[in-house]
Amino acid sequence: MSATNVSRIAIAAGVAASTVLLLAGPAAAHVSVQPQGEAAKGGYATLNFKVPNERDKASTVKVEVNFPADHPLSSVTPEAVPGWKIAITKGKLDKPLEVHGKKITEAVTKVTWTADGSKIAPGYFQQFPVSVGQLPEDADQLVFKAIQTYDNKEVVRWIEEPKGGEEPESPAPVLKLTAATEDHHGGAADKAGDDDSKADHNADDQAASAEGDKKETHAASSSSDTTARTLGIIGILIGIAGVAFGVLAGRRRTA
């Protein structure tokens, strides 16, 4: 194969790859939801609703996220986002929830973020964090239908639920739930407790080691002092014996 043919094939492959990326980019740019860490069944989690701007000449000014009515959540707390006002809509439950021994008769049905000094400009995205719980134990996923509004009055509805293996044209954000943990509050607290316990244990070990070193140093110091005293006494005795021997020798010479 000539160098010219190789070059032509490489260029064609590059153009094809670029076309795939251009086609795949917009299709993947839709409102989505991801947990910070894991979203375990029966537990609590912080969810990030990621909202990208898909338009070249318009900015996103409003985002509405509807919470699943078939699996209502007793606790929904959005995090403050600078430049956005937050409105929480609640509704009465047909069947009250039992949470920590208390009956919950209403739950959050929708959270709305409205631009208040900020927008999602073309080419950018914004994340909207929400703390939720308790997650259902009898479901593998939760579907959050979202509505995105632009400043040119265009409204995009991300409300189509996935069916089969194909992704719909305007898919709703879907949260995949993981297996339940022993502690329904999640693994982060347990890990923190374990780390604190290990830290305390290590601190005790270090303190014990330091105390042992201190005792060994004291013992060595005491031993050194005893040896020095003993050698000093022996030196004095030798000195006295030397003086006595000198005196006796002098007397013998005089005699």
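The values are calculated or read from the model by the stated rules, or taken from the named source; none is laboratory data. Since we're looking at a predicted model, the values are computed, not measured. Don't worry about glycine lacking a Cβ; one is built from the backbone with ideal geometry, like all the others, and counts go over all protein chains shown. Surface areas here come from the heavy atoms of the whole protein model, side chains and all, with no ligands, DNA or RNA. Shrake-Rupley method; radii C 1.70, N 1.55, O 1.52, S 1.80 Å.
Output the residues belonging to the range 148-159 that are assigned to a strand (DSSP E or B) and either charged (D, E, K, R) or within 27 Å of the chain's Cα centre (by Cα) (or both).
The one that is assigned to a strand (DSSP E or B) and either charged (D, E, K, R) or within 27 Å of the chain's Cα centre (by Cα) (or both): ARG157.
Restricting the search to the range 171-193, which residues are at pLDDT 85 or above and either among the small types (Gly, Ala, Ser) or open to solvent by 70 Å² or more (accessible area, probe 1.4 Å) (or both)?
ALA172, LYS176, ALA179, ALA180
Please go through the range 31-43 and give me each residue that is touching a Gly at 6+ places or on another chain (Cβ under 8 Å), closer than 19 Å to GLU79 by Cβ and surrounded by 18 or more Cβ atoms within 10 Å (Cβ to Cβ), ordered by number.
Listed by number, the list holds a single entry, GLY43.
When the residues of the range 105-118 are narrowed to those that are among the charged types (D, E, K, R) and open to solvent by less than 80 Å² (accessible area, probe 1.4 Å), which ends up nearest to LEU47 (Cα to Cα)?
Checked the range 105-118; the qualifying residue nearest to LEU47 (Cα to Cα) is LYS110.
With more than 22 Å from ALA172 (Cα to Cα), in contact with a strand residue (DSSP E or B) (Cβ under 8 Å, 6 or more places away or on another chain) and open to solvent by 70 Å² or more (accessible area, probe 1.4 Å) as the only criterion, which of LYS102, LYS57, LYS95, LYS85 stands out?
That would be LYS85, the only listed residue that is more than 22 Å from ALA172 (Cα to Cα), in contact with a strand residue (DSSP E or B) (Cβ under 8 Å, 6 or more places away or on another chain) and open to solvent by 70 Å² or more (accessible area, probe 1.4 Å).
Could you grab me the full set of residues in the range 148-170 that are open to solvent by less than 30 Å² (accessible area, probe 1.4 Å) and at pLDDT 95 or above?
GLN148, THR149, TYR150, VAL156, TRP158
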